[in-house]
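Structure first, commentary second.
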Amino acid sequence: MELIKTVKEIREEIKKAANGKDISIGFVPTMGYLHEGHLSLIERARKENDLVVVSIFVNPTQFAPHEDFDSYPRDVERDYKLATKCGVDMVFVPEVEEIYGEDSATFVNVEGEITKKLCSKSRPAFFKGVATVVAKLFNIIKPTNAYFGQKDAQQVAVIKKMVKELHFDINIVACPLVREEDGLALSSRNVYLKEEERKQALILSKSLFTAKEMFLNGEKNVQNLKEFIIENIKTQELAEIDYVEIVDARTLEDIEKIEKPALVALAVKIGKTRLIDNIHLEG
Ligand code: AMP
């Protein structure tokens, strides 16, 4: 397996691998610094496709100027070894210039409710960057199936909407959120957490798990569940809540009572590190 850096080369390699046959291509877009969450997507793609392509690209357009684009963890060599172990066929690692050129002016913007709430409130340009880069990567790789993690539940909803509305002939596969044994959702950003922050970060998953228990014991009122989670998180002095929301799992619309599948999603800063987590409730 090789690291492939240019659009021209990855297209040629995919064509060569297909050898004129109609093969299925599984694609896993990532920003690298791979962990078990990413690997679960890759393993699923490996099972379901003839060819597996992983991209590693820290996408500048989804970071605001004050965010962590420059310091985002990167280790392509380590990623390459992990990807090889998982049986990936090609790793696409383009430079920013290769994807955006010098004077990029074409963007994909998924508008409406779906990109007005949750993460969009504190990261207003985030999904424009995500949709744009994913559309570009889809046009380069032309996958049959593309794999995304439910860790980024709003991202899955936005990508599904974009794919439907732009008529991409690609099947979007949403994969379960992978956690550390103690409950912390795996994230490349977890390396930022200092020891005490790592401890206090556990309040995110703990609150979600307890809220789920409350729901299973009959609590269907969104406000009550939200308040419980907020109060719980506030017990940790390093935690600063960005949002805690409970929405319709499919449309991300606001709800008052849980009668259909719901998504409990939250974003919390622990020290300087912004973490997201979520859990599904089957209403
Ligand atoms: P990222 O490199 O953070 O952009 O993530 C690349 C892909 O891996 C996205 O589809 C994420 O949703 C997915 N992913 C990241 N963390 C996890 C996790 N803990 N469990 C499942 N999927 C994940």
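Here are some notes:
- Which numbered condition T273 misses (of (1) among the polar types (S, T, N, Q); (2) more than 30 Å from S71 (Cβ to Cβ); (3) within 18 Å of the chain's Cα centre (by Cα)): (2)
- Any hit, segment 73-85, residues being in a loop (DSSP other than H, G, I, E, B) and over 20 Å from the mean Cα position of the chain (by Cα): no
- Per the conditions (1) within 13 Å of the ligand (Cβ to nearest atom); (2) open to solvent by less than 40 Å² (accessible area, probe 1.4 Å); (3) of a type outside the set (D, E, K, R), the sole criterion not satisfied by P94 is (1).
- Residue check, K116 within 12 Å of the ligand (Cβ to nearest atom) and either touching a residue at least 24 places away in the same chain (Cβ under 8 Å) or open to solvent by 70 Å² or more (accessible area, probe 1.4 Å) (or both): no
- Pick from segment 1-53, criterion open to solvent by less than 30 Å² (accessible area, probe 1.4 Å) and in a loop (DSSP other than H, G, I, E, B), ranking: farthest from the ligand (Cβ to nearest atom): S24
- Where N171 falls short, out of the listed (1) within 13 Å of the ligand (Cβ to nearest atom); (2) closer than 22 Å to M31 by Cα: (1)
- Test set (1) in contact with a helix residue (DSSP H, G or I) (Cβ under 6 Å, 6 or more places away or on another chain); (2) assigned to a loop (DSSP other than H, G, I, E, B) - V158 fails condition number: (2)
- Selected residue (criterion: most open to solvent (accessible area, probe 1.4 Å)) from residues of segment 152-164 that are farther than 17 Å from A45 by Cα and within 13 Å of the ligand (Cβ to nearest atom): K160
- Only one entry of K117, K142 meets the criterion of being closer than 15 Å to S55 by Cβ and out of contact with any helix residue (DSSP H, G or I) (no Cβ under 7 Å at 6 or more places or on another chain), and that entry is K142.
- The sole residue among N145, N139 that is under 19 Å from the mean Cα position of the chain (by Cα), over 22 Å from A185 (Cβ atoms) and not charged (D, E, K, R) is N145.
- Residues located in segment 119-147, provided they are open to solvent by less than 80 Å² (accessible area, probe 1.4 Å) and part of a loop (DSSP other than H, G, I, E, B): R123, A125, P143, T144
- Some residue of segment 70-77 being closer than 30 Å to G20 by Cα and aromatic (F, W, Y): no
- The residue that is nearest to the ligand (Cβ to nearest atom), counting only those in segment 124-151 that are touching a residue at least 60 places away in the same chain (Cβ under 8 Å) and among the basic types (K, R), is K151.
- Strands (runs of 3 or more DSSP E) completely within segment 165-283 that count 2 or more residues being at pLDDT 95 or above, on the phi < 0 side of the Ramachandran plot and surrounded by fewer than 18 Cβ atoms within 10 Å (Cβ to Cβ): 171-175, 239-248
The values are calculated or read from the model by the stated rules, or taken from the named source; none is laboratory data. Every value quoted in this text rests on a predicted model; they were computed, and no experiment measured them. As a convention, Cβ positions derive from the backbone with ideal geometry for all residues, glycine included, and neighbour counts pool all protein chains shown. Accessible surface is based on the protein model in full, side chains and every heavy atom, while ligands, DNA and RNA are left aside. Shrake-Rupley method; radii C 1.70, N 1.55, O 1.52, S 1.80 Å.
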